[in-house]
Amino acid sequence: MRKTCFVLTAVVLVVIAGSMASGSMTPAMGQAVELRPQLADARSASRAARLPSVEALQKLVNEAHAKFKDVKEGKNADYIPALAEVDSNLFGIAIVTIKGDVVAAGDVDYSFAIESVAKPFTMALVMQEQGTEAIREKIGVEPTGMPFNSVMAVELLKARSVNPLVNAGAMTSVSMVRAKDGVERWNRILDNLNRFAGEDLKLLDVIYKSEAATNQHNRGIAELLMSYERFYSDPQDAVDIYTKQSSVGVTAKQLAMMGAVFANGGVQPKTSERLLDAAHVPEALALMLIAGFYDESGAWAFDAGLPSKTGVGGGIVSVAPGKLAIAAFSPPLNEAGNSVRAQLAIKHIASALKLSVFGAGE
(Lines give C-alpha, C1' and ligand atoms only; values in the text may rest on other atoms or scores of the structure.)
Protein backbone atom coordinates (compact mmCIF):
# COMPACT_ATOMS: atom_id res chain seq x y z
CA MET A 1 0.00 0.00 0.00
CA ARG A 2 2.84 2.37 0.93
CA LYS A 3 4.60 1.57 -2.33
CA THR A 4 1.42 2.36 -4.31
CA CYS A 5 0.98 5.72 -2.53
CA PHE A 6 4.65 6.55 -3.18
CA VAL A 7 4.28 5.83 -6.89
CA LEU A 8 1.06 7.90 -7.16
CA THR A 9 2.70 10.81 -5.34
CA ALA A 10 5.69 10.67 -7.65
CA VAL A 11 3.44 10.70 -10.71
CA VAL A 12 1.55 13.75 -9.40
CA LEU A 13 4.82 15.59 -8.71
CA VAL A 14 6.10 14.81 -12.21
CA VAL A 15 2.85 16.11 -13.76
CA ILE A 16 2.99 19.30 -11.69
CA ALA A 17 6.66 19.83 -12.55
CA GLY A 18 5.92 19.37 -16.22
CA SER A 19 3.05 21.84 -16.08
CA MET A 20 5.22 24.42 -14.32
CA ALA A 21 7.98 23.95 -16.87
CA SER A 22 5.54 24.49 -19.74
CA GLY A 23 4.20 27.66 -18.15
CA SER A 24 0.71 26.32 -17.53
CA MET A 25 1.21 26.72 -13.77
CA THR A 26 2.99 29.47 -11.88
CA PRO A 27 4.92 28.27 -8.81
CA ALA A 28 4.47 31.55 -6.92
CA MET A 29 4.16 31.17 -3.15
CA GLY A 30 0.51 31.33 -2.02
CA GLN A 31 -0.89 31.56 -5.54
CA ALA A 32 -3.77 29.14 -6.11
CA VAL A 33 -4.49 27.59 -9.47
CA GLU A 34 -7.98 28.62 -10.55
CA LEU A 35 -9.69 25.44 -11.70
CA ARG A 36 -13.30 26.34 -10.93
CA PRO A 37 -14.25 27.58 -14.43
CA GLN A 38 -12.84 24.43 -16.02
CA LEU A 39 -14.55 22.23 -13.45
CA ALA A 40 -17.84 24.08 -13.97
CA ASP A 41 -17.57 23.61 -17.74
CA ALA A 42 -16.82 19.91 -17.24
CA ARG A 43 -19.79 19.48 -14.91
CA SER A 44 -22.05 21.32 -17.37
CA ALA A 45 -20.90 19.12 -20.26
CA SER A 46 -21.41 15.99 -18.16
CA ARG A 47 -24.93 17.01 -17.16
CA ALA A 48 -25.84 17.91 -20.72
CA ALA A 49 -24.64 14.49 -21.85
CA ARG A 50 -27.03 12.86 -19.36
CA LEU A 51 -30.09 14.72 -20.65
CA PRO A 52 -32.76 12.69 -22.42
CA SER A 53 -32.83 13.00 -26.19
CA VAL A 54 -34.82 15.78 -27.81
CA GLU A 55 -37.20 13.13 -29.12
CA ALA A 56 -37.78 11.74 -25.63
CA LEU A 57 -38.38 15.23 -24.23
CA GLN A 58 -40.83 16.00 -27.04
CA LYS A 59 -42.75 12.81 -26.34
CA LEU A 60 -42.97 13.72 -22.64
CA VAL A 61 -44.14 17.29 -23.34
CA ASN A 62 -46.78 16.00 -25.74
CA GLU A 63 -47.91 13.52 -23.11
CA ALA A 64 -48.21 16.19 -20.42
CA HIS A 65 -50.18 18.49 -22.72
CA ALA A 66 -52.61 15.74 -23.69
CA LYS A 67 -53.00 14.62 -20.07
CA PHE A 68 -53.95 18.02 -18.63
CA LYS A 69 -55.41 20.07 -21.50
CA ASP A 70 -58.99 19.26 -20.50
CA VAL A 71 -58.60 20.12 -16.79
CA LYS A 72 -61.27 22.72 -15.99
CA GLU A 73 -60.32 23.70 -12.44
CA GLY A 74 -59.44 27.26 -11.46
CA LYS A 75 -60.34 30.63 -12.88
CA ASN A 76 -58.55 33.59 -14.46
CA ALA A 77 -57.30 36.37 -12.22
CA ASP A 78 -60.04 39.00 -12.21
CA TYR A 79 -58.65 41.72 -9.93
CA ILE A 80 -56.77 42.88 -13.03
CA PRO A 81 -59.65 43.22 -15.52
CA ALA A 82 -57.58 42.55 -18.65
CA LEU A 83 -56.43 39.17 -17.30
CA ALA A 84 -60.01 38.06 -16.80
CA GLU A 85 -60.56 38.42 -20.56
CA VAL A 86 -57.74 36.07 -21.63
CA ASP A 87 -58.97 32.81 -23.18
CA SER A 88 -58.99 30.28 -20.35
CA ASN A 89 -58.51 27.37 -22.77
CA LEU A 90 -54.98 28.44 -23.70
CA PHE A 91 -52.35 25.94 -22.56
CA GLY A 92 -48.72 25.60 -23.59
CA ILE A 93 -45.64 23.78 -22.33
CA ALA A 94 -42.00 24.32 -23.34
CA ILE A 95 -38.64 22.92 -22.30
CA VAL A 96 -35.26 24.49 -23.06
CA THR A 97 -32.11 22.55 -22.21
CA ILE A 98 -28.75 24.02 -21.27
CA LYS A 99 -27.66 23.12 -24.82
CA GLY A 100 -30.38 25.40 -26.19
CA ASP A 101 -32.64 22.62 -27.48
CA VAL A 102 -36.32 23.65 -27.49
CA VAL A 103 -39.29 21.29 -27.30
CA ALA A 104 -42.87 22.48 -26.97
CA ALA A 105 -46.54 21.60 -27.23
CA GLY A 106 -49.74 23.60 -27.29
CA ASP A 107 -50.14 27.39 -27.26
CA VAL A 108 -46.45 28.14 -26.84
CA ASP A 109 -46.33 31.16 -29.16
CA TYR A 110 -49.11 33.08 -27.41
CA SER A 111 -47.74 36.18 -25.67
CA PHE A 112 -49.14 36.48 -22.14
CA ALA A 113 -48.42 38.88 -19.30
CA ILE A 114 -45.29 37.79 -17.46
CA GLU A 115 -46.57 39.27 -14.17
CA SER A 116 -44.64 38.01 -11.10
CA VAL A 117 -42.52 35.64 -13.17
CA ALA A 118 -40.45 38.75 -14.00
CA LYS A 119 -39.35 39.08 -10.36
CA PRO A 120 -36.38 36.68 -10.31
CA PHE A 121 -34.92 38.22 -13.46
CA THR A 122 -34.90 41.75 -12.01
CA MET A 123 -33.57 40.26 -8.79
CA ALA A 124 -30.75 38.75 -10.88
CA LEU A 125 -30.02 42.17 -12.40
CA VAL A 126 -29.61 43.67 -8.92
CA MET A 127 -27.46 40.71 -7.85
CA GLN A 128 -25.21 41.19 -10.84
CA GLU A 129 -24.89 44.94 -10.19
CA GLN A 130 -24.52 44.89 -6.42
CA GLY A 131 -23.91 41.32 -5.22
CA THR A 132 -26.08 38.95 -3.25
CA GLU A 133 -25.37 40.65 0.08
CA ALA A 134 -27.23 43.72 -1.19
CA ILE A 135 -30.31 41.50 -1.54
CA ARG A 136 -29.89 40.18 1.99
CA GLU A 137 -29.23 43.58 3.56
CA LYS A 138 -31.59 45.86 1.63
CA ILE A 139 -34.50 43.49 0.93
CA GLY A 140 -34.29 40.21 2.85
CA VAL A 141 -34.22 36.51 2.04
CA GLU A 142 -36.92 34.93 4.23
CA PRO A 143 -40.31 33.57 3.08
CA THR A 144 -43.26 35.47 4.52
CA GLY A 145 -45.74 32.67 5.06
CA MET A 146 -48.34 35.18 3.89
CA PRO A 147 -49.96 36.18 0.58
CA PHE A 148 -47.65 37.73 -2.01
CA ASN A 149 -49.22 41.20 -1.63
CA SER A 150 -49.48 41.18 2.16
CA VAL A 151 -49.33 44.49 4.00
CA MET A 152 -49.29 42.60 7.28
CA ALA A 153 -45.95 41.01 6.32
CA VAL A 154 -44.46 44.50 5.91
CA GLU A 155 -45.72 45.53 9.34
CA LEU A 156 -44.90 42.35 11.27
CA LEU A 157 -41.58 41.20 9.81
CA LYS A 158 -38.38 43.05 10.62
CA ALA A 159 -37.00 42.94 7.07
CA ARG A 160 -40.20 44.75 5.88
CA SER A 161 -39.66 44.03 2.17
CA VAL A 162 -38.83 40.43 3.23
CA ASN A 163 -37.71 38.85 -0.09
CA PRO A 164 -37.47 39.84 -3.78
CA LEU A 165 -40.24 37.49 -4.96
CA VAL A 166 -43.19 39.00 -3.10
CA ASN A 167 -44.61 42.33 -4.23
CA ALA A 168 -42.96 44.41 -1.52
CA GLY A 169 -39.50 42.99 -2.18
CA ALA A 170 -39.95 42.99 -5.95
CA MET A 171 -40.82 46.68 -5.98
CA THR A 172 -37.80 47.27 -3.76
CA SER A 173 -35.66 45.40 -6.31
CA VAL A 174 -36.92 47.77 -9.00
CA SER A 175 -36.04 50.74 -6.78
CA MET A 176 -32.48 49.38 -6.40
CA VAL A 177 -31.66 49.12 -10.12
CA ARG A 178 -28.99 51.73 -10.75
CA ALA A 179 -30.14 54.51 -13.04
CA LYS A 180 -30.14 58.30 -13.25
CA ASP A 181 -33.93 58.42 -13.61
CA GLY A 182 -37.04 56.32 -14.12
CA VAL A 183 -36.70 56.17 -17.90
CA GLU A 184 -33.22 54.69 -17.69
CA ARG A 185 -34.32 52.31 -14.93
CA TRP A 186 -37.20 50.95 -17.03
CA ASN A 187 -34.98 50.60 -20.10
CA ARG A 188 -32.40 48.66 -18.09
CA ILE A 189 -35.04 46.31 -16.68
CA LEU A 190 -36.61 45.67 -20.09
CA ASP A 191 -33.18 45.16 -21.67
CA ASN A 192 -32.36 42.62 -18.96
CA LEU A 193 -35.56 40.67 -19.67
CA ASN A 194 -34.75 40.78 -23.40
CA ARG A 195 -31.27 39.41 -22.79
CA PHE A 196 -32.60 36.54 -20.68
CA ALA A 197 -35.10 35.71 -23.44
CA GLY A 198 -32.51 36.12 -26.20
CA GLU A 199 -34.94 38.30 -28.16
CA ASP A 200 -36.97 41.48 -27.77
CA LEU A 201 -40.06 41.37 -25.59
CA LYS A 202 -42.90 43.86 -25.85
CA LEU A 203 -44.98 45.74 -23.31
CA LEU A 204 -48.61 44.62 -23.50
CA ASP A 205 -50.27 48.03 -23.43
CA VAL A 206 -53.76 46.72 -22.63
CA ILE A 207 -52.43 44.83 -19.60
CA TYR A 208 -50.33 47.80 -18.46
CA LYS A 209 -53.25 50.23 -18.59
CA SER A 210 -55.49 47.78 -16.73
CA GLU A 211 -52.88 47.19 -14.03
CA ALA A 212 -51.97 50.87 -13.68
CA ALA A 213 -55.64 51.67 -13.07
CA THR A 214 -55.89 49.08 -10.29
CA ASN A 215 -52.48 49.13 -8.52
CA GLN A 216 -53.45 51.26 -5.52
CA HIS A 217 -52.52 48.42 -3.15
CA ASN A 218 -48.96 48.28 -4.50
CA ARG A 219 -48.67 52.05 -4.28
CA GLY A 220 -49.62 51.86 -0.60
CA ILE A 221 -47.03 49.12 0.05
CA ALA A 222 -44.30 51.20 -1.61
CA GLU A 223 -45.09 54.26 0.50
CA LEU A 224 -45.11 52.08 3.62
CA LEU A 225 -41.70 50.67 2.74
CA MET A 226 -40.42 54.21 2.16
CA SER A 227 -41.55 55.16 5.64
CA TYR A 228 -39.41 52.32 7.02
CA GLU A 229 -36.42 53.39 4.86
CA ARG A 230 -36.60 50.12 2.92
CA PHE A 231 -37.15 51.71 -0.51
CA TYR A 232 -34.40 53.28 -2.60
CA SER A 233 -35.94 55.50 -5.28
CA ASP A 234 -39.12 57.54 -5.75
CA PRO A 235 -41.89 55.11 -4.67
CA GLN A 236 -44.55 55.99 -7.22
CA ASP A 237 -42.05 56.02 -10.07
CA ALA A 238 -40.81 52.57 -9.04
CA VAL A 239 -44.38 51.25 -8.75
CA ASP A 240 -45.08 52.40 -12.31
CA ILE A 241 -41.93 50.66 -13.58
CA TYR A 242 -42.86 47.55 -11.61
CA THR A 243 -46.30 47.63 -13.23
CA LYS A 244 -44.70 47.86 -16.68
CA GLN A 245 -42.36 45.00 -15.81
CA SER A 246 -45.38 42.86 -14.89
CA SER A 247 -47.09 43.77 -18.17
CA VAL A 248 -44.33 42.56 -20.48
CA GLY A 249 -45.52 39.89 -22.90
CA VAL A 250 -43.74 36.56 -23.03
CA THR A 251 -44.45 33.20 -24.66
CA ALA A 252 -43.94 29.82 -23.02
CA LYS A 253 -40.95 29.23 -25.33
CA GLN A 254 -39.39 32.55 -24.37
CA LEU A 255 -40.02 31.95 -20.68
CA ALA A 256 -38.39 28.51 -20.83
CA MET A 257 -35.35 30.11 -22.50
CA MET A 258 -35.19 32.69 -19.71
CA GLY A 259 -35.31 29.97 -17.07
CA ALA A 260 -32.60 28.03 -18.90
CA VAL A 261 -30.17 30.86 -18.09
CA PHE A 262 -30.45 29.88 -14.42
CA ALA A 263 -30.20 26.18 -15.33
CA ASN A 264 -27.04 26.95 -17.34
CA GLY A 265 -25.20 28.63 -14.48
CA GLY A 266 -26.08 32.18 -15.53
CA VAL A 267 -25.20 31.87 -19.24
CA GLN A 268 -27.86 32.35 -21.95
CA PRO A 269 -27.93 29.06 -23.93
CA LYS A 270 -28.72 30.71 -27.29
CA THR A 271 -26.51 33.81 -27.18
CA SER A 272 -23.80 32.43 -24.82
CA GLU A 273 -23.90 35.74 -22.94
CA ARG A 274 -23.21 35.59 -19.21
CA LEU A 275 -26.08 37.39 -17.47
CA LEU A 276 -25.47 36.29 -13.89
CA ASP A 277 -22.21 35.29 -12.25
CA ALA A 278 -22.16 31.57 -11.49
CA ALA A 279 -21.51 32.35 -7.82
CA HIS A 280 -24.89 34.13 -7.58
CA VAL A 281 -26.98 31.40 -9.21
CA PRO A 282 -27.39 29.20 -6.08
CA GLU A 283 -28.73 32.15 -4.08
CA ALA A 284 -31.18 33.06 -6.85
CA LEU A 285 -32.42 29.48 -7.05
CA ALA A 286 -32.71 29.23 -3.27
CA LEU A 287 -35.01 32.25 -3.21
CA MET A 288 -37.08 30.82 -6.06
CA LEU A 289 -37.48 27.57 -4.13
CA ILE A 290 -38.57 29.13 -0.82
CA ALA A 291 -40.70 31.99 -2.16
CA GLY A 292 -41.39 31.52 -5.86
CA PHE A 293 -44.77 29.82 -5.58
CA TYR A 294 -46.53 32.43 -3.45
CA ASP A 295 -47.78 30.93 -0.18
CA GLU A 296 -47.74 27.43 -1.67
CA SER A 297 -43.94 27.43 -1.94
CA GLY A 298 -43.52 24.77 0.73
CA ALA A 299 -46.01 22.45 -0.94
CA TRP A 300 -44.34 22.98 -4.32
CA ALA A 301 -40.90 22.17 -2.91
CA PHE A 302 -42.43 19.08 -1.30
CA ASP A 303 -44.21 17.93 -4.47
CA ALA A 304 -41.92 19.04 -7.32
CA GLY A 305 -38.61 19.97 -5.69
CA LEU A 306 -37.75 22.60 -8.29
CA PRO A 307 -36.88 26.30 -7.92
CA SER A 308 -39.75 28.04 -9.70
CA LYS A 309 -41.63 31.28 -10.17
CA THR A 310 -45.29 31.64 -10.91
CA GLY A 311 -47.40 34.60 -11.99
CA VAL A 312 -51.09 35.48 -12.02
CA GLY A 313 -50.94 35.77 -15.82
CA GLY A 314 -50.89 31.96 -15.82
CA GLY A 315 -47.19 31.39 -16.42
CA ILE A 316 -44.79 29.25 -14.39
CA VAL A 317 -41.08 28.67 -14.95
CA SER A 318 -39.17 25.89 -13.17
CA VAL A 319 -35.43 25.27 -13.18
CA ALA A 320 -33.56 21.96 -13.02
CA PRO A 321 -30.01 23.20 -12.35
CA GLY A 322 -27.44 22.00 -14.85
CA LYS A 323 -30.11 20.42 -17.04
CA LEU A 324 -33.08 22.41 -18.31
CA ALA A 325 -35.95 24.77 -17.62
CA ILE A 326 -39.65 24.05 -18.01
CA ALA A 327 -42.23 26.76 -18.66
CA ALA A 328 -45.96 26.26 -18.83
CA PHE A 329 -48.84 28.66 -19.36
CA SER A 330 -52.56 28.40 -18.68
CA PRO A 331 -54.68 31.30 -17.33
CA PRO A 332 -56.99 29.56 -14.78
CA LEU A 333 -55.48 29.83 -11.29
CA ASN A 334 -56.07 28.12 -7.97
CA GLU A 335 -56.84 30.08 -4.79
CA ALA A 336 -53.16 30.81 -4.19
CA GLY A 337 -52.82 32.41 -7.63
CA ASN A 338 -50.95 29.56 -9.32
CA SER A 339 -51.89 28.14 -12.72
CA VAL A 340 -53.68 24.81 -12.29
CA ARG A 341 -52.74 23.20 -15.61
CA ALA A 342 -49.22 24.62 -15.66
CA GLN A 343 -48.24 23.21 -12.30
CA LEU A 344 -49.77 19.81 -13.11
CA ALA A 345 -47.77 19.67 -16.33
CA ILE A 346 -44.49 20.70 -14.71
CA LYS A 347 -44.92 18.24 -11.83
CA HIS A 348 -45.60 15.45 -14.36
CA ILE A 349 -42.45 16.25 -16.34
CA ALA A 350 -40.30 16.75 -13.23
CA SER A 351 -41.43 13.40 -11.83
CA ALA A 352 -40.87 11.55 -15.10
CA LEU A 353 -37.34 12.96 -15.45
CA LYS A 354 -36.54 12.74 -11.72
CA LEU A 355 -35.56 16.42 -11.66
CA SER A 356 -36.12 17.26 -7.99
CA VAL A 357 -33.12 19.06 -6.52
CA PHE A 358 -33.54 16.87 -3.44
CA GLY A 359 -32.86 13.67 -5.34
CA ALA A 360 -34.92 11.17 -7.27
CA GLY A 361 -36.01 9.11 -4.27
CA GLU A 362 -36.70 5.40 -4.52
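The values are calculated or read from the model by the stated rules, or taken from the named source; none is laboratory data. For clarity, every value in this text was computed on a predicted model and none was experimentally measured. Here Cβ is always computed from backbone atoms with ideal geometry, including for glycine, and neighbour counts include all displayed protein chains.
If we keep just the residues of the stretch 208-241 that are of a type in the set (Asp, Glu) and without any contact (Cβ under 8 Å) to a residue 24 or more places away in the chain, which is nearest to Arg160 (Cα to Cα)?
Restricting attention to the stretch 208-241, the residues satisfying the condition of being of a type in the set (Asp, Glu) are 211, 223, 229, 234, 237, 240.
Right, trim to without any contact (Cβ under 8 Å) to a residue 24 or more places away in the chain and you get 223, 229.
Working: Glu223: 12, Glu229: 9 Å.
This residue is Glu229.
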Which one is surrounded by the most Cβ atoms within 10 Å (Cβ to Cβ) among residues in the stretch 107-121 that are outside any loop (DSSP other than H, G, I, E, B) and of a type outside the set (Val, Ile, Thr)?
-> Ala118
Test Asp200 against the stated conditions and say whether it is touching a Gly at 6+ places or on another chain (Cβ under 6 Å) and at negative phi.
-> no
Condition set small (Gly, Ala, Ser) and under 23 Å from Met226 (Cβ atoms), scope the stretch 117-143, selection nearest to the chain's Cα centre (by Cα): answer is Ala118
For residues that are in a loop (DSSP other than H, G, I, E, B) and either out of contact with any Leu (no Cβ under 9 Å at 6 or more places or on another chain) or at positive phi (or both), tally how many sit in the stretch 303-359.
-> 13
Tell me, please, whether a residue that is surrounded by fewer than 22 Cβ atoms within 10 Å (Cβ to Cβ), in contact with a strand residue (DSSP E or B) (Cβ under 8 Å, 6 or more places away or on another chain) and modelled with pLDDT of 95 or more can be found in the stretch 290-302.
-> no
Could you count how many residues in the stretch 123-138 are in contact with a helix residue (DSSP H, G or I) (Cβ under 9 Å, 6 or more places away or on another chain) and surrounded by fewer than 23 Cβ atoms within 10 Å (Cβ to Cβ)?
-> 8
Which of the residues that make up the stretch 327-337 are touching a helix residue (DSSP H, G or I) at 6+ places or on another chain (Cβ under 6 Å) and surrounded by fewer than 24 Cβ atoms within 10 Å (Cβ to Cβ)?
-> Pro332, Asn334, Ala336, Gly337
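So, in the stretch 160-194, how many residues would count as being outside any helix (DSSP H, G or I) and touching a residue at least 60 places away in the same chain (Cβ under 8 Å)?
6
Could you list all residues from the stretch 249-275 that are of a type in the set (A, V, I, L, M, F, W, C) and buried (at least 24 other Cβ atoms within 10 Å of the Cβ)?
Listed by number, the residues that qualify are Val250, Ala252, Leu255, Ala256, Met257, Met258, Ala260, Val261, Phe262, Ala263.
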How many residues are in a loop (DSSP other than H, G, I, E, B), in contact with a Phe, Trp or Tyr (Cβ under 9 Å, 6 or more places away or on another chain) and β-branched (Val, Ile, Thr) when one looks only at the stretch 82-106?
-> 1
Mind counting the residues in the stretch 232-277 that are in contact with a strand residue (DSSP E or B) (Cβ under 8 Å, 6 or more places away or on another chain) and of a type in the set (Gly, Ala, Ser)?
-> 9
In this structure, is Glu142 charged (D, E, K, R) and farther than 27 Å from Ala279 by Cα?
-> no
Taking the stretch 50-81 only, how many residues are more than 23 Å from Ala113 (Cβ to Cβ) and assigned to a loop (DSSP other than H, G, I, E, B)?
-> 5
Could you check, for the stretch 141-151, whether at least one of its residues is in contact with a helix residue (DSSP H, G or I) (Cβ under 7 Å, 6 or more places away or on another chain), assigned to a loop (DSSP other than H, G, I, E, B), of a type in the set (Phe, Trp, Tyr) and surrounded by 15 or more Cβ atoms within 10 Å (Cβ to Cβ)?
-> yes
Taking only the stretch 124-154 into account, find how many residues are under 23 Å from Asp234 (Cβ atoms) and without any contact (Cβ under 8 Å) to a residue 12 or more places away in the chain.
-> 1
